[in-house]
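*Asks:* Can you keep this structure in mind? I'll have questions shortly.
The values are calculated or read from the model by the stated rules, or taken from the named source; none is laboratory data. Given the structure is predicted, the values throughout are model-derived calculations rather than measurements. Cβ sites come from the backbone with ideal geometry, for glycine too, and all protein chains shown count toward neighbours.
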């Protein structure tokens, strides 16, 4: 007998189906559209001067965030990248600058090979899918939900391809809603106040 609550199992199945749809939508997208995403973000939702910014190193198939990371570094921001921690824990962030060595992490992730741990004030959040109500679908580990809950003062901005927008993302009580997402088509203000 499973110890999973029936409602939790229903949510798990709904999220798995939504992930499949989002991954299929993303499959035809060009990672190089990250350049357009970066332009929109820097124009319409740039981190404030002096903010410590948590970026994301792109995984295969994801939008390329490296143009944005280069631009933020050029603007004088201290950058950090996430290190995937033990399951059930929030992410930790290590200081990083373009050109510094990267190390392999679990599930195809990469993180800084060195660098001090820092606490970001502005966080770029990857996604598989999103809806206009501010619900975000990730890969299923809950890392960003736990991280954002642990850093309530941090500003979060999700990013992804416009094709990853779904009519409705299934969400549970621990899923953190976001106020904005930026795509190659522009900034979208979502249903949650910033």
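*Asks:* Quick one: which of 40, 77 is without any contact (Cβ under 8 Å) to a residue 60 or more places away in the chain and at negative phi? Working first, answer last.
*Replies:* Numbers: 40 fails: without any contact (Cβ under 8 Å) to a residue 60 or more places away in the chain.
Answer to the check: 77.
*Asks:* If you don't mind, another one. Please work out if residue 115 is at pLDDT below 95, assigned to a loop (DSSP other than H, G, I, E, B) and in contact with a strand residue (DSSP E or B) (Cβ under 9 Å, 6 or more places away or on another chain). Quick ask: steps written out before the conclusion?
*Replies:* On the way: at pLDDT below 95: yes; assigned to a loop (DSSP other than H, G, I, E, B): yes; in contact with a strand residue (DSSP E or B) (Cβ under 9 Å, 6 or more places away or on another chain): yes.
Answer is yes for this residue.
*Asks:* Moving on to the next point. So which residues in region 149-169 are in contact with a helix residue (DSSP H, G or I) (Cβ under 8 Å, 6 or more places away or on another chain) and either buried (at least 19 other Cβ atoms within 10 Å of the Cβ) or over 16 Å from residue 124 (Cα atoms) (or both)?
*Replies:* Step one: of region 149-169, the residues in contact with a helix residue (DSSP H, G or I) (Cβ under 8 Å, 6 or more places away or on another chain) are 154, 156-157, 159-161, 163-164, 166, 169.
The answer is 156, 157, 159, 160, 161, 163, 164, 166, 169.
*Asks:* Also: Being modelled with pLDDT of 95 or more and either more than 16 Å from the chain's Cα centre (by Cα) or under 23 Å from residue 48 (Cβ atoms) (or both) narrows it down to one of 156, 162, 194, so name that one.
*Replies:* Numbers: 162 fails: either more than 16 Å from the chain's Cα centre (by Cα) or under 23 Å from residue 48 (Cβ atoms) (or both); 194 fails: modelled with pLDDT of 95 or more.
Within the list 156, 162, 194, the selection yields 156.
*Asks:* Scanning region 109-138 for residues that are out of contact with any helix residue (DSSP H, G or I) (no Cβ under 7 Å at 6 or more places or on another chain) and within 19 Å of residue 168 (Cβ to Cβ), which turns out surrounded by the most Cβ atoms within 10 Å (Cβ to Cβ)?
*Replies:* Across region 109-138, the extreme among qualifying residues is 136.
*Asks:* Where in region 1-105 are the strands (runs of 3 or more DSSP E), entirely inside, with at least 3 residues that are modelled with pLDDT of 95 or more and farther than 21 Å from residue 135 by Cα?
*Replies:* Numbers: elements: 52-54, 78-83, 92-96, 102-104.
So the answer is 78-83, 92-96.
*Asks:* Taking the condition surrounded by fewer than 18 Cβ atoms within 10 Å (Cβ to Cβ), assigned to a loop (DSSP other than H, G, I, E, B), in contact (Cβ under 8 Å) with a residue 40 or more places away in the chain and in contact with a helix residue (DSSP H, G or I) (Cβ under 6 Å, 6 or more places away or on another chain), does residue 172 pass?
*Replies:* Numbers: surrounded by fewer than 18 Cβ atoms within 10 Å (Cβ to Cβ): yes; assigned to a loop (DSSP other than H, G, I, E, B): yes; in contact (Cβ under 8 Å) with a residue 40 or more places away in the chain: yes; in contact with a helix residue (DSSP H, G or I) (Cβ under 6 Å, 6 or more places away or on another chain): yes.
Criteria met by residue 172.
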